[in-house]
1. Out of the residues in segment 40-70 meeting the condition of being farther than 15 Å from Ala99 by Cβ and hydrophobic (A, V, I, L, M, F, W, C), tell me which one is surrounded by the fewest Cβ atoms within 10 Å (Cβ to Cβ).
2. State which residue is farthest from Ala189 (Cα to Cα) when the search covers only segment 148-157 and only residues that are surrounded by fewer than 16 Cβ atoms within 10 Å (Cβ to Cβ) and in contact (Cβ under 8 Å) with a residue 12 or more places away in the chain.
3. Those residues that are touching a residue at least 40 places away in the same chain (Cβ under 8 Å) and surrounded by fewer than 17 Cβ atoms within 10 Å (Cβ to Cβ), I need them from segment 71-98; list them, please.
4. What tally of residues in segment 131-147 results from selecting those that are under 12 Å from Tyr63 (Cβ atoms) and either free of Cβ contacts under 8 Å to residues at least 12 places away in the same chain or surrounded by fewer than 18 Cβ atoms within 10 Å (Cβ to Cβ) (or both)?
5. Restricting the search to segment 40-71, which residues are aliphatic (A, V, I, L, M) and either at pLDDT below 95 or in a helix (DSSP H, G or I) (or both)?
6. Quick one: in segment 18-39, which of the residues that are in a helix (DSSP H, G or I) and out of contact with any Ser or Thr (no Cβ under 9 Å at 6 or more places or on another chain) is farthest from Tyr90 (Cα to Cα)?
7. Of all residues in segment 158-184, count the ones that are more than 28 Å from Phe66 (Cα to Cα) and open to solvent by less than 10 Å² (accessible area, probe 1.4 Å).
8. Does Met188 satisfy the condition of being under 20 Å from Ala95 (Cα atoms), hydrophobic (A, V, I, L, M, F, W, C) and in a helix (DSSP H, G or I)?
Amino acid sequence: TYRDKLAQLFFYRKKLSTAFNCHSSTDPIFIALKHTASTFDLPRQYLDDLISGMEDDLYTNRYRTFEDLYRYCYRVASTVGLTCIEIYGYDDPRAKEYAESWGIFMQLTNILRDVAEDAQRNRVYLPLEDLERHGIKPNELSGDLANDKRWHAFVAEFIERIEGYYEKGQKLLPLLSRSARYSPAAMMAFYWSILKKIKKRDGNVFNGTIKLTKAEKMTLAAVVYTKQRFLRL
C-alpha cells in the first residue's frame, strides 16, 4: 500500500508537469488544469509543494517543533489558498501572506479536532516539543485526556495560536472582490465554528467527533453569503 501511494503521487507529479509545459495529458482533469494554469498564470510551485505535503504523510508521523508542523501545514493547506487567490484575483500583495495564514488556521483546526483518531493510527501532528513542555507523552493521545489539566493547559495555548492565524486569515477577505469572497469566507466560518466547539468543550476531542450539523452548515452558509454579497464591509 505504501509503495502504491508513493507511485500514485509520482504519477500525479508527472501529470502535473504537463499543465506547465508544451506537452499535454489525455486526462480531462489535467487538460482542465492546463487551461486554468494558463488562464490565471498559476505558479507551479504551489501545486508541487501540495504533492510534497502528501508525500510528507508517507515519510513522517511525528513533528518535533511547531516550525516543522508549520512547514507541513503550508504544503497541504496554504498552497491551496495561495493557488485560489490567483484565480480570485487581488491587487494588494499582502493577500499572499493572509492566504497563507488562512490555510494554516484551517489545517491546525483539523489537526486539533482529529488528535485522538490520528493517534490511534500512530500519527501525532501536535509538536512533540510543546507536548513535552506540558508533560504529555505522545502515546497518551490515543487515550482520554478530556479531564487532564496538562491537556487543558496545552490545548488553551494551542487554540490561542490557531486564533491568531484565523484573525490574520480574515484580513484576506476585504482584499478580494465581493464576488470572490464567499468561498473562503464560508470555509473560514465553518472551521471557526468547529474551533469554538472545541474551545467550549475545554479541548475535549477524545469523546465523539466534533463537527457541524447539516442545519448549522446551512445557517452559516446563508449568513456568510448575505454578509459577503450584500453588506458593506
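1. Step by step, filter segment 40-70, then rank; the result is Leu58.
2. Residues of segment 148-157 that are surrounded by fewer than 16 Cβ atoms within 10 Å (Cβ to Cβ), as a first pass: 149-150, 153, 156-157.
So of that shortlist, the ones also in contact (Cβ under 8 Å) with a residue 12 or more places away in the chain come out as 150, 153, 156-157.
Details: Arg150: 29, Ala153: 25, Ala156: 20, Glu157: 21 Å.
Looking at the filtered set, the residue picked out is Arg150.
3. Let us first name the residues in segment 71-98 that are touching a residue at least 40 places away in the same chain (Cβ under 8 Å), namely 72, 81, 83-92, 94-95, 97-98.
Within segment 71-98, Ile87, Gly89, Asp91, Asp92, Arg94, Glu97 qualify.
4. The number of residues fulfilling the criteria is 1.
5. If the condition is that a residue be aliphatic (A, V, I, L, M) and either at pLDDT below 95 or in a helix (DSSP H, G or I) (or both), then Leu47, Leu50, Ile51, Met54, Leu58, Leu69 are the ones that fit.
6. Pro28
7. Result for segment 158-184: 1.
8. Yes: the conditions hold for Met188.
The values are calculated or read from the model by the stated rules, or taken from the named source; none is laboratory data. The shown structure was predicted, so the numbers you read here are calculated from the model rather than taken from an experiment. Counting neighbours? That spans all protein chains shown, and the Cβs are built from the backbone with ideal geometry, glycine included. With ligands, DNA and RNA removed, areas are computed over all heavy atoms of the protein, side chains included. Shrake-Rupley method; radii C 1.70, N 1.55, O 1.52, S 1.80 Å.
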